Amino acid sequence: MESLLYSFLAGVSTVLGAVVIIVFGKPGPRLLSALLGFAGGVMLAISFFDLMPEAIVHGSMLTASLGFLLGAGTIYALDRFILPALVSSSHELSLENVPRVQTVEVEMLRVGYLVFFGLALHNLPEGLAIGAGMEASTALGVYVAIAIALHNIPEGIAMAGILRAGGLSVARVLLLTLVVGLMTPLGAGLGLAFFRISPLFVAGGMAFAAGAIVYTASNELIPQSNKLNSHVAIGGLIVGLLLVFIMTG
């Protein structure tokens, strides 16, 4: 039960990031570029500094590689076949024959949903990590939970900023960030069930999340941020990479 409690507290810290965006309002083009770049940096760093090394430790290079490819392929399928219909129904718009401002808003919403799916998948193995830490010792589990809570806050800032720029209401943004946060205790619960069966489940889940996150960052976040302001985007990317590097160091 302790692992579920700590993972819940770590997960819902994502909402704190959303509150920051809600208090200060929708981001302008420069801030949005920085947020997109920052989110891309955070997501790439999480994948390569945290998830993939842990996937290899708990499993093998083969397990990590296959999980990574499966995660990237899943997000590609979401982007190609599911999200276009989801965004269209949310805005009742297509990208054709609409004003440029609306077109940008629809595109930001699509990116925001991709970030939502990517971070949700990322938070599952975070919960597994907290559960694994608790299995080793309570102190280690608490340390892992605190570290995850700290880096969930900038994740929430980035995700909420993009979704607000996409035109979602405050209530929906809060709901989606809460859903992302609740994936952490869900992961901890799954860990309680599966970690005792085989650490390969943990390894596969971490690698799957890494693949999903890298696809989202490289295909959506970084290109979109560069379209808005390339120099600001690079600055945001560097800050995101460095922040996660420091937190995981």
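Give the residue, chosen from ALA34, ALA72, that is touching a Ser or Thr at 6+ places or on another chain (Cβ under 8 Å), under 25 Å from LEU242 (Cα atoms) and assigned to a helix (DSSP H, G or I). Show your work before the answer.
Values: ALA72 fails: touching a Ser or Thr at 6+ places or on another chain (Cβ under 8 Å).
After applying the criteria, what remains is ALA34.
Looking at LEU9, LEU4, just one residue is at pLDDT 85 or above and either touching a helix residue (DSSP H, G or I) at 6+ places or on another chain (Cβ under 7 Å) or of a type in the set (Ser, Thr, Tyr) (or both), and that residue is LEU9. Condition test on GLY236, is it of a type outside the set (S, T, N, Q) and at positive phi? Against the criterion (of a type outside the set (S, T, N, Q) and at positive phi), GLY236 does not qualify. Of all the numbered requirements in (1) modelled with pLDDT of 80 or more; (2) buried (at least 20 other Cβ atoms within 10 Å of the Cβ); (3) under 13 Å from the mean Cα position of the chain (by Cα); (4) not acidic (Asp, Glu), PRO185 misses one, and that requirement is (3). For region 234-246, the criterion of being in contact (Cβ under 8 Å) with a residue 12 or more places away in the chain and more than 18 Å from the chain's Cα centre (by Cα) is met by at least one residue. The residue pairs whose first member lies in region 6-35 and is farther than 20 Å from ALA233 by Cβ, whose second member is charged (D, E, K, R) and in a helix (DSSP H, G or I), and whose beta carbons are closer than 7 Å, counting only pairs six or more residues apart or on different chains, are THR14/GLU155. Looking across region 33-63, just one residue is among the charged types (D, E, K, R) and surrounded by fewer than 24 Cβ atoms within 10 Å (Cβ to Cβ), and that is GLU54. Does region 188-199 contain any residue that is modelled with pLDDT under 85, surrounded by fewer than 23 Cβ atoms within 10 Å (Cβ to Cβ) and touching a Pro at 6+ places or on another chain (Cβ under 6 Å)? Scanning region 188-199, I find no residue that is modelled with pLDDT under 85, surrounded by fewer than 23 Cβ atoms within 10 Å (Cβ to Cβ) and touching a Pro at 6+ places or on another chain (Cβ under 6 Å), so the answer is no. Selection over region 223-235 of residues that are out of contact with any Lys or Arg (no Cβ under 9 Å at 6 or more places or on another chain) and within 18 Å of GLU107 (Cβ to Cβ) gives a count of 6. Candidates in region 23-44 are the residues that are among the aliphatic types (A, V, I, L, M) and modelled with pLDDT under 85; of these, the one that is farthest from the chain's Cα centre (by Cα) is LEU31.
The residues on offer are VAL57, VAL15, and the sole one that is within 23 Å of VAL179 (Cα to Cα) and of a type in the set (Val, Ile, Thr) is VAL15.
The values are calculated or read from the model by the stated rules, or taken from the named source; none is laboratory data. Values in this document were obtained by computation on a predicted structure and should not be read as measured data. Positions of Cβ are generated from backbone atoms using ideal geometry, with glycine treated the same way; all protein chains shown enter the neighbour counts.
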